[in-house]
Amino acid sequence: MIRYAAPRTTAEAVDLLRTRPGSRMIAGGTDLVVAARGGKHPLPESLIALHRITELGRQREADAGIALGALTSHAWIERSPLVRSRWSALADASAMIGSPATRATGTLGGNLMNASPAMDTGSPLLVFDATVELQRADGSRSVSVADLLAGPGRTTAAPDELLRAVRVPYPAPGTGSAYVRLDHRQAMEIAIVGAAAALAVRGDGLIGSARIALTAVAPTCLRVPAAEALLLGRPAGTDAFAEAAGAAADVVQPISDVRGSADYRRAMTSVVVVRALTRAAQRAVADTGPAGRAFAETGRNQ
Ligand SMILES: Cc1cc2nc3c(=O)[nH]c(=O)nc-3n(C[C@H](O)[C@H](O)[C@H](O)COP(=O)(O)OP(=O)(O)OC[C@H]3O[C@@H](n4cnc5c(N)ncnc54)[C@H](O)[C@@H]3O)c2cc1C
């Protein structure tokens, strides 16, 4: 028989994790329960449900950015005017997850801790330098999302650590961002390839900072610094984007599976990166000078 507990505070939850080794936390259950029903993994002998811990469902805006409680749903992120305007790539990603029911039930914390290489929120969180707050009975620590993700289904969190919140810093002023996913249909799908981009475009139309991260083409979502470096100080336009996309495709290590072959994924990486950069640049230039506005209107640098 499965042991089940539904604590009301984070302190109670981490104490249960300490005293019941082998327990698993359950948030929305859209990964854990669906995998068990599908025969992929049996349910653990002890479940700790998090849904009664109100603190984990809160969002707090602070000077440095936003702290999203682990139980923040994809539906909340998708609808939040603040996230849509400041961290557009994250809102794009949450809006694509599953169906309205999946987004209402599935949580940001569950998406990260499930650690699928195809998770949609991973790449946006990487381009924004997000960190997570992990808590266990004897204290808490902060870890970057880049250091949290260790491989397919694996994180660097200890089994008795609870993800409490995801902290996302404000991007620099003038930054636009986007997440683009290639999939066979537009709902109830998992990424074949995904890319997040965050670009700051200066008033003269040149790129001041660039971040690119990729989904479903390596054991974890990953940033591609070599591709980012090719964009700095260049006009935000198709030539620079194509070069950066080519460099991104050079570093991927995709697998072949039912959704696509490794070769197809590698080829599509460049396509998806160009689309993400183009959308990010269009969003970035909304409040910059005439060079930027020309790009926003035509998709090309004049
Ligand atoms: C029909 C369907 C469509 C889907 N489509 C997509 C999609 O398009 N893109 C996508 O990325 N995902 C998709 N998913 C997967 C899933 O919905 C997401 O990954 C979701 O965010 C998982 O959140 P959850 O709260 O349901 O996680 P749960 O299933 O509750 O937990 C997932 C894992 O995280 C652990 N966990 C949960 N919360 C915490 C915490 N606070 N601290 C520590 N560990 C924790 C659990 O122990 C478990 O190992 C889909 C799922 C379904 C069923």
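The values are calculated or read from the model by the stated rules, or taken from the named source; none is laboratory data. A quick note: this is a predicted structure, and the numbers were derived from the prediction, not measured. All Cβ positions, even for glycine, are placed from backbone atoms using ideal geometry, and neighbour counts span all protein chains on display. Accessible surface is based on the protein model in full, side chains and every heavy atom, while ligands, DNA and RNA are left aside. Shrake-Rupley method; radii C 1.70, N 1.55, O 1.52, S 1.80 Å.
The Cα atoms of region 84-223 give a gyration tensor whose axes a ≥ b ≥ c have a/c of 1.5 or more with a/b no greater than b/c, which makes the shape oblate. Each other residue within a Cβ distance under 15 Å of I2 adds +1 if Lys or Arg and -1 if Asp or Glu, for a net charge of +3. Using the 1.4 Å probe convention, the accessible area of region 3-169 works out to 45 Å² per residue with neighbouring protein chains retained. Could you work out how far helix 10-19 tilts from the main Cα principal axis of the chain, as a 0 to 90 degree angle to the nearest 10? That works out to roughly 60 degrees.
Compared with the dominant principal axis of the Cα atoms in the chain, helix 238-251 is inclined by about 40°. A 1.4 Å probe run over the protein chains yields, for region 179-298, 43 Å² of accessible area per residue, whole-number rounding. Highest mobility in the GNM of the chain, judged by mean-square fluctuation with C-alpha springs under 10 Å and restricted to G109, G237, G22, is found for G22.
For the chain, with all protein chains in place and a probe radius of 1.4 Å, 52% of the accessible heavy-atom surface sits on carbon or sulfur.
Counting every alpha-carbon pair across the chain, the share separated by more than 28 Å comes to 38%.
Restricting the calculation to Cα atoms, region 179-298 shows an Rg/Rh of 1.01 when the hydrodynamic-style radius is the Kirkwood one.
The loop-placed trypsin sites (Lys or Arg not before Pro) in region 29-63, going by DSSP, that have at most 11 neighbouring Cβ atoms within 10 Å of their Cβ come out as K40.
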